Amino acid sequence: MLCAEVSVYPQKTNSSSDVINKSISSLSNENIKYEVGSLSTHIDGNDEQVWNGIKKVFDAAKTSGEVSMVVTISNSAH
């Protein structure tokens, strides 16, 4: 099992919240457990689920322009 803390930081936009919400909502159709926090989203699952979830979040965010994403990955229980 893996877990990841993911934070998305949109660049050069006045609608950061929209970009962040869009990136998080990309996980809603995935078979993955996630929890939205005030500064990051926590993703839990097997290796493939977590890596795919990270990619989904980044791919959704980058459609709105430049974005930075910080990810912390762990294989320990959260």
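The values are calculated or read from the model by the stated rules, or taken from the named source; none is laboratory data. Predicted model, so just to flag it, every value in this text is computed and none were measured. No Cβ is skipped: glycine too gets one built from the backbone with ideal geometry, and neighbour counts run over all protein chains shown.
Observations, loosely collected:
- Scanning the stretch 37-48 for residues that are surrounded by 14 or more Cβ atoms within 10 Å (Cβ to Cβ) and within 12 Å of the chain's Cα centre (by Cα) yields 40, 41, 42, 43, 44.
- The stretch 1-27 residues that are free of Cβ contacts under 8 Å to residues at least 24 places away in the same chain, paired with ones that are surrounded by 17 or more Cβ atoms within 10 Å (Cβ to Cβ) (beta carbon under 6 Å, 6 or more apart): 16/10
- Scanning the stretch 46-78 for residues that are closer than 16 Å to residue 7 by Cβ and either among the aliphatic types (A, V, I, L, M) or in contact with a Phe, Trp or Tyr (Cβ under 8 Å, 6 or more places away or on another chain) (or both) yields 50, 53, 54, 57, 60, 61, 67, 68, 69, 70, 71, 73.
- Residue that is surrounded by the most Cβ atoms within 10 Å (Cβ to Cβ), among those in the stretch 23-32 that are modelled with pLDDT of 95 or more and of a type outside the set (Ser, Thr, Tyr): 27
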